[in-house]
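The values are calculated or read from the model by the stated rules, or taken from the named source; none is laboratory data. Everything numeric in this text was worked out from a predicted model, so none of it was measured. FYI the Cβ positions are ideal-geometry reconstructions off the backbone, even for glycines, and counts take in every protein chain you see. Quick note on the areas: whole protein, heavy atoms, side chains included, nothing else; ligands and nucleic acids left out. Shrake-Rupley method; radii C 1.70, N 1.55, O 1.52, S 1.80 Å.
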Amino acid sequence: MAKGHGHYSEIVEEEFLPAVTKTKFCVVHFYHQDFERCKIIDHHLKKIAPAHMEARIMIINAEKCP
């Protein structure tokens, strides 16, 4: 849990490489605020994050991350 496993957290561009290289398994959702499907996947990732301690599950705003 100290590395962010077990919860769904938002990161910014500067945190991306350090976050994904410090864990063996990670899921990163690149979202866009205007896309309805992003809201759906966001809802599901929030629900499954606590059940999957083996992976760090994160979200990043695709508009702010080239």
Filtering segment 1-39 down to residues that are in a loop (DSSP other than H, G, I, E, B), loosely packed, with under 11 Cβ neighbours inside 10 Å and among the polar types (S, T, N, Q) yields Gln33
How about segment 44-66: which of its residues are without any contact (Cβ under 8 Å) to a residue 40 or more places away in the chain, under 12 Å from the mean Cα position of the chain (by Cα) and over 14 Å from His32 (Cα atoms)? His44, Leu45, Lys46, Ile48
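Looking at Lys64, Lys46, which one is closer than 18 Å to Gly4 by Cα and open to solvent by 30 Å² or more (accessible area, probe 1.4 Å)?
Lys46
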